[in-house]
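To start, the structure under review is shown below, and the notes come after it.
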Amino acid sequence: MKRVIIFFYIFTVIVFPGFSSFALVQENAFERARHTMVTEQIERRGITDARLLEALRTVPREEFVPENLREWAYADTPLPIGYGQTISQPYIVALMTEKLALQGGEKVLEVGTGSGYQAAILHALGCTVYTVEIIKRLAQLAEGKLKTLGYTVTVRWGDGYFGWEEYAPFDAIIVTCSVDHIPPPLLAQLKVGGRMVLPVGPPWSIQSLWLVKKTEEGIATEDLGAVQFVPLTRNVREE
């Protein structure tokens, strides 16, 4: 068996000299695209958090998009990931994350796991991450991908509208699907002094990205601008 393996390796290198280096070339191309994305799409739009910029340079976004869209992983646009869902535009991921003002060590809840990219960014920032996905198959795929890549994230299949009371309170909450109001369970599970970022507005239309700060007196909100997200459906699905 050992001779067969050695022969196959020699045959591959001699007959297909480019085969063994193709993966490395592709990996280097993605790394360059990642750095270009940060420089041209993120920093130029005013994102300055050094730790966040480094996380964006490190997390392999191409691993969180469908195989047939990997070459577009670092394009300045959201991409479909199947099941009627999308992975957000890189800048929007950066903006929402920066507004959470994370220092590392926070406990963060994400509503809308999607492919797992946002959760990976949060983990790279040193957070303990809990994420809820309403589509079972997406939750399974994201959990497997995150584990394979070495990101320790706790994933649950369910209705994120209700948050995750078992692990509350949270230092920060990020909602990656639109709602027409701030879900009361999420607000209740946010620590005093904590921050929540979420798109608020009608489904399948233009929404406003809100930063919500919880204080002893109540909440303060800030409109961060217009966005468009797929809606929080409340319909727990197998696929």
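Worth a mention:
- Contacts under 8 angstrom Cβ, first residue in the stretch 161-179 being within 23 Å of residue 85 (Cβ to Cβ), partner modelled with pLDDT under 95 and of a type in the set (D, E, K, R), 6 or more apart: 161/234
- Yes/no for residue 37 being over 15 Å from residue 172 (Cβ atoms), of a type in the set (A, V, I, L, M) and surrounded by 16 or more Cβ atoms within 10 Å (Cβ to Cβ): yes
- Test: residue 146 is within 22 Å of residue 231 (Cβ to Cβ), within 15 Å of the chain's Cα centre (by Cα), touching a residue at least 12 places away in the same chain (Cβ under 8 Å) and crowded, with 17+ Cβ neighbours inside 10 Å: no
- Of all residues in the stretch 146-162, those satisfying the criterion of being part of a helix (DSSP H, G or I) and either out of contact with any His (no Cβ under 9 Å at 6 or more places or on another chain) or modelled with pLDDT under 95 (or both) are 147, 148, 149, 160, 161, 162.
- Long-range neighbours under 7 Å by Cβ, at least six apart or interchain, first residue more than 16 Å from residue 174 (Cα to Cα) within the stretch 213-227, second among the small types (Gly, Ala, Ser): 226/208
- Residue check, residue 82 over 19 Å from residue 211 (Cβ atoms) and not aliphatic (A, V, I, L, M): yes
- Screening the stretch 163-231 for strands (runs of 3 or more DSSP E) wholly inside it with 1 or more residues that are among the basic types (Lys, Arg) and over 17 Å from residue 99 (Cα atoms) returns no ranges.
- Qualifying residue in the stretch 210-224 (condition: among the hydrophobic types (A, V, I, L, M, F, W, C) and within 15 Å of the chain's Cα centre (by Cα)): no
Yes/no per residue for (1) at pLDDT 95 or above; (2) farther than 19 Å from residue 151 by Cα:
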{"site": "7", "(1), (2)": "no, yes"}
{"site": "22", "(1), (2)": "no, yes"}
{"site": "39", "(1), (2)": "yes, yes"}
{"site": "51", "(1), (2)": "yes, no"}
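- Matching entry among 199, 203, 169 (being over 18 Å from the mean Cα position of the chain (by Cα) and under 26 Å from residue 228 (Cβ atoms)): 203
- If you go through the stretch 77-109 and pick out every residue that is out of contact with any Phe, Trp or Tyr (no Cβ under 9 Å at 6 or more places or on another chain) and either touching a residue at least 24 places away in the same chain (Cβ under 8 Å) or closer than 16 Å to residue 52 by Cα (or both), you end up with 18.
- Verdict on residue 197 being surrounded by 14 or more Cβ atoms within 10 Å (Cβ to Cβ) and in contact (Cβ under 8 Å) with a residue 60 or more places away in the chain: yes
The values are calculated or read from the model by the stated rules, or taken from the named source; none is laboratory data. Given the structure is predicted, the values throughout are model-derived calculations rather than measurements. Every residue, glycine as well, gets a Cβ built from its backbone with ideal geometry; the counts of neighbours run over all protein chains shown.
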